[in-house]
Amino acid sequence: MPGPDWTIKLPHPVAPVRGDALQTLADARTYIAALPPGVRHQDDWVRAAKMLNAAAESGTGLAIEQATFAIERALFFHGLLAPRD
């Protein structure tokens, strides 16, 4: 059984207010891992990380969509989601 595929692209780029747009599951995983521990361990980020892992493991469209939504939701609630053009 193959391992997780972190190269999977998100359905659309997700833009945090600082840094480059998140385009793959790996980008999102790196972003979350770089958050300070006090932030990274909050419920929204823990949920997003779990969804990312599930998406990397399964590779299904639904799991990738759910992970993307969870990342956007966490960014939004923490004031870190850049406004869309």
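Rule-based calculations on the coordinates, nothing more; no lab input. Note that the structure is a prediction, hence the values are computed from the model and not measured. Heads up, the Cβs are rebuilt from the backbone with ideal geometry, glycines too, and the neighbour counts pull from every protein chain shown.
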message = Using the Kirkwood formula on the Cα atoms of the chain, what hydrodynamic radius do you get, in angstrom to one decimal?
response = 12.7 Å
request  = Using only Cα atoms, tell me the angle between helix 43-58 and the longest principal axis of the chain; keep it within 0 to 90° and round to the nearest 10.
outcome  = 30 degrees
ask   = On a 0 to 90 degree scale, rounded to 10, what angle separates helix 61-77 from the longest Cα axis of the chain?
value = 10 degrees
ask   = Nearest 20 debye, what's the magnitude of the dipole of the stretch 16-77 about its Cα centre given +1 on Lys and Arg Cβ and -1 on Asp and Glu Cβ?
value = 160 debye
